[in-house]
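The values are calculated or read from the model by the stated rules, or taken from the named source; none is laboratory data. These numbers were taken from a predicted model, which means no experiment stands behind them. Neighbour counts run over all protein chains shown; Cβ positions are idealised from the backbone, glycine included.
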Amino acid sequence: MPGASRSLLTRREIAALPEIPLSHPWNPSSAVHLRRLSLSIARVPPGKESFLYHRHERDEEFLLILSGRGLAEIGDVVAEIGPGDFMGFPAPDGPPHHLVNPYAEDLVYLMGGESSGLDVGHFPRIGRRLVLTAAGCWGVAEADCEPMPFSRWQVAAPPGPPAS
């Protein structure tokens, strides 16, 4: 990695890092360009959105706005965001969230959090879940998810020994 150490990256070095363009497959308006550090710097171009309104079941997530402005939808609230604003989304009970950039300049933010190797993303508006594991990523319809309470796994105890 460039710079004096892994702990320091200059503004110029960060700007020179390659971008990874991503678009959420369930949101045609999604456009996020990542620069991988030990965290990610994300850039949402004007008129685009981050991924899709979602929440995480296992991996906590945070965002720190570096430049530009946007709209953050967090639960039932929509708030304008700008440089220095911070958002934290705890798991498993954090609110669903989503970013939109309706403005004329890029919305740039630092994104980080846990990467446990097993997470479930919930997309309540489209009734879908995304299962993320080290082996891959699977999208499933909420309607196809069968509740499996632990009680269904329990076996009745065998009867006691026969009476003599």
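A few notes on this one:
- Residue within segment 78-86 that is without any contact (Cβ under 8 Å) to a residue 40 or more places away in the chain, under 23 Å from P25 (Cβ atoms) and either buried (at least 17 other Cβ atoms within 10 Å of the Cβ) or not aliphatic (A, V, I, L, M) (or both) present: no
Every residue, every condition in (1) part of a strand (DSSP E or B); (2) surrounded by fewer than 10 Cβ atoms within 10 Å (Cβ to Cβ); (3) among the polar types (S, T, N, Q), yes or no:
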{"residue": "L99", "(1), (2), (3)": "yes, no, no"}
{"residue": "M111", "(1), (2), (3)": "yes, no, no"}
{"residue": "M148", "(1), (2), (3)": "no, yes, no"}
{"residue": "S151", "(1), (2), (3)": "no, yes, yes"}
{"residue": "Q154", "(1), (2), (3)": "no, yes, yes"}
{"residue": "P162", "(1), (2), (3)": "no, yes, no"}
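- Of the residues making up segment 37-56, at least one is of a type in the set (S, T, N, Q), touching a Leu at 6+ places or on another chain (Cβ under 8 Å), touching a residue at least 12 places away in the same chain (Cβ under 8 Å) and not in a strand (DSSP E or B).
- Selection of segment 64-77 for residues being of a type outside the set (A, V, I, L, M), part of a strand (DSSP E or B) and surrounded by fewer than 17 Cβ atoms within 10 Å (Cβ to Cβ) yields only S67.
- When the residues of segment 77-129 are filtered to those that are among the acidic types (D, E) and at pLDDT below 95, the one that is nearest to R43 (Cα to Cα) is D85.
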